[in-house]
Amino acid sequence: MTLETLIEVREHNGADYQPLVDYQSWRVARMNYTADLTPDKINRMQKHTETDEVFVLMSGRCILFLGEGEETITKVHAVDMELYKVYNVKRGAWHSHTFSEDARVLIVENRDTVAENSPFAALTESQRAEVAEQTKKLWG
């Protein structure tokens, strides 16, 4: 055996989401700051119909937005994530995020979390304004 057969090392330092390790039924990914998810650009939320999704803030700041509702989003909540805490977004929960430029978020999800089981729902204009206001309230 060699060291290369015993360990796999992956990293992601670019913007946005990148899967790092897929193994059997699970995936580990990392998400970093992306200009597409600044509060003024968040216009929809996603949910996963088959699985929970876990987020861990490793550095910087991240607000996790959660939406109530089944087919549409009826109410928006904001959670200012704390470093190294595990946030398990339950199956069927609408969610989105905004990041500080130095943010690094670890994601653990099912490997088969794909577009077919991860629909999006649009936010209304008032919900978009609420996302911006909640961000201002939490981050000043």
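Restricting to DSSP loop positions (anything but H, G, I, E, B) with no more than 16 other Cβ atoms inside 10 Å of their own Cβ, which GluC sites (Glu not before Pro) remain in region 28-116?
Working: sites: E50, E53, E68, E70, E71, E82, E101, E109, E116; in loops: E50, E70, E71, E82, E101.
Within region 28-116, the qualifying GluC sites (Glu not before Pro) (loop, at most 16 other Cβ atoms within 10 Å) are E50, E70, E71, E82, E101.
On a 0 to 90° scale, report how tilted helix 125-139 is relative to the longest principal axis of the chain, with both axes built from alpha carbons and the result rounded to the nearest 10.
Approximately 70 degrees, to the nearest ten.
Return the FRET efficiency for the residue pair D22, T124: r is the Cβ-Cβ distance, R0 is 35 Å, and the value is rounded to the nearest 0.05. Intermediate values should be presented prior to the final figure.
Details: r = 36 Å, r/R0 = 1.03.
With R0 = 35 Å, the Cβ-Cβ based efficiency is 0.45.
What does the charge count around F99 come to, taking other residues whose C-beta lies under 13 Å from its C-beta (Lys +1, Arg +1, Asp -1, Glu -1)? Mind showing how you got there, number by number?
Working: positive: R30, K41, R61, R104; negative: D16, D36, D80, E101, D102.
Charge balance in the 13 Å sphere: -1.
Cα extents of region 16-81 along the three principal axes, largest first, in whole Å?
36, 29, 19
For q values of 0.18 Å⁻¹, compute log₁₀ I(q)/I(0) with the Debye formula on a Cα-only model of the chain, without solvent.
Taken in order of the listed q values, log10 I(q)/I(0) reads -1.05.
Please list, by residue number, everything in region 65-99 whose backbone N is under 13 Å from a paramagnetic label point 7 Å out along Cα→Cβ of D36.
It comes to 97, nothing else.
May I ask you to evaluate 6.51 cos²θ - 1.76 cosθ + 1.60, the Karplus curve with θ = phi - 60°, for each residue of region 26-33 and list the ³J(HN,Hα) values in order in whole Hz, giving x for glycine and proline?
Once rounded to whole Hz, the list reads 10, 9, 10, 9, 9, 10, 10, 3.
Which residues among region 82-116 fall inside the zone where the amide N is under 20 Å from a point 7 Å beyond the Cα of T49, along Cα→Cβ?
89-96, 109-116
Within the chain, what is the longest stretch that has no trypsin sites (Lys or Arg not before Pro) placed in a DSSP loop and near at most 16 other beta-carbon atoms within 10 Å? Don't skip to the answer; put the middle values down first.
Details: sites that count: R10, K85, K90, R91, R111.
Longest stretch, sites excluded: 11-84.
Per-residue HN-Hα couplings for region 89-97, Karplus 6.51 cos²θ - 1.76 cosθ + 1.60 at θ = phi - 60°, whole Hz, x for Gly and Pro?
7, 5, 3, x, 8, 5, 7, 7, 8
Throughout, read-outs are computed from the coordinates displayed, never taken from laboratory work. Note that the structure is predicted; figures quoted are calculated from it, not measured. Cβ sites come from the backbone with ideal geometry, for glycine too, and all protein chains shown count toward neighbours.
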